[in-house]
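Data first, discussion second: the structure below is written as structure tokens.
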Amino acid sequence: MKILKYILFFVLILSGIKATYAQDINGFLLGIYFKREQAIEKIRQLEIEINKNKSTISQSQTLIDLSRQKGNKEAEKVALEALQKAKESLKKNEESLNRWKTHKIMLDHVYTSLQNEINNKNIKGVTSYCSGRVDIFKANGDKVSCENGLLEPGDMVWTYDGTAKIEMLGGRGTTTVGPWSIFKMRDDSEIEQIWELIKGKIHMTIEKIKESIRSRRVNIRTVEAVCAVRGTEFYMERKEDILWLYVIDGSVEVKGIKDERMVEVFSGYRIRVTKDGLIGEPEKINLKDVERWWEG
């Protein structure tokens with residue numbers, strides 16, 4: 001089947017440290033807790049900005065009325081411009097506030113679900129945010145909402161016009177699944193985690209590792225290449241038969257399956273890998289031109 005050619009097998013090997021399940025769950029809980037706190041703070045800031053917007057709108061309307069009464073066209077023009085900007089800002093902030101409130105509700109639900117599943121050793125990832133339409137298909141075929149995204153081996157995340165953020169590696173890594181993608185969790189062990197990107201694209205960040213535990217490395221294996229990463233931000237996308245890897249921060253060592261070379265790709269560069277497992281040379285890119293779809 002042609003689609004099998006495009007399946008990406010993500011093998012994350014944590015060498016040097018065999019993390020226990022309890023540590024993973026605590027990492028997930030801690031990560032979700034801090035994301036909740038961030039959401040609460042963002043909501044507070046937006047509510048302050050919205051109150052400022054409303055105050056500016058009220059003051060501007062008063063100035064407009066006074067300017068018209070006195071026939072002061074210049075003052076009226078300035079007040080109208082201030083009113084328009086305040087209304088635009090208010091709309092933007094209210095839309096953002098609604099998104100963050102929805103995000104906060106989801107994080108509350110995920111946090112409670114994790115606490116209730118503290119003894120479930122099969123949880124390998126947690127969805128922390130979804131936008132647009134996202135479905136999760138459990139290994140047994142059941143379909144659940146993104147809010148119930150405690151991911152176990154065999155579960156698949158299907159995105160349509162939206163995206164999904166998945167907390168992984170016991171809270172150390174975050175993967176954003178791009179629009180129109182299919183992402184599957186696979187079996188793992190204490191030192192290995194495996195994913196499949198069946199379709200679409202992903203963006204991934206892995207927290208920076210302290211020097212004292214530099215031996216803890218992450219290897220990502222695709223059908224074309226093996227990538228070794230530490231404290232890195234990057235994304236992958238497929239264009240026809242070419243897999244492109246873009247490094248946003250840190251560096252990634254890339255070795256093609258049929259290529260003897262190991263090439264280190266630094267921030268601000270990209271590299272291509274053919275479906276036959278051959279790698280090209282790093283190419284300089286302008287990070288300002290990169291479409292940051294994962295931030296939408």
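The values are calculated or read from the model by the stated rules, or taken from the named source; none is laboratory data. Note that the coordinates shown come from a computational prediction; the quantities given were computed from them, not determined experimentally. Counting neighbours? That spans all protein chains shown, and the Cβs are built from the backbone with ideal geometry, glycine included.
Some observations on this one:
- All positions within segment 240-259 that are over 17 Å from Glu291 (Cα atoms) and part of a strand (DSSP E or B): Ile242, Ser251, Val252, Glu253, Val254, Lys255, Gly256
- Qualifying residue in segment 92-103 (condition: more than 20 Å from Gly31 (Cβ to Cβ), in contact (Cβ under 8 Å) with a residue 12 or more places away in the chain, surrounded by fewer than 19 Cβ atoms within 10 Å (Cβ to Cβ) and of a type in the set (Gly, Ala, Ser)): yes
- Residue within segment 198-209 that is exposed (fewer than 15 other Cβ atoms within 10 Å of the Cβ), more than 30 Å from Lys143 (Cβ to Cβ) and modelled with pLDDT under 85 present: yes
- Among residues of segment 124-141 that are in a loop (DSSP other than H, G, I, E, B), those with a beta-carbon under 7 Å from a residue that is modelled with pLDDT under 85 at least six positions away or on a different chain give the pairs Lys124/Met185; Lys124/Asp188; Lys124/Gln193.
- Considering Ser67, Ser55, the condition of being loosely packed, with under 12 Cβ neighbours inside 10 Å, in a helix (DSSP H, G or I), of a type in the set (Gly, Ala, Ser) and not assigned by TED's automatic domain parsing to the domain that holds Glu167 is satisfied by Ser55 alone.
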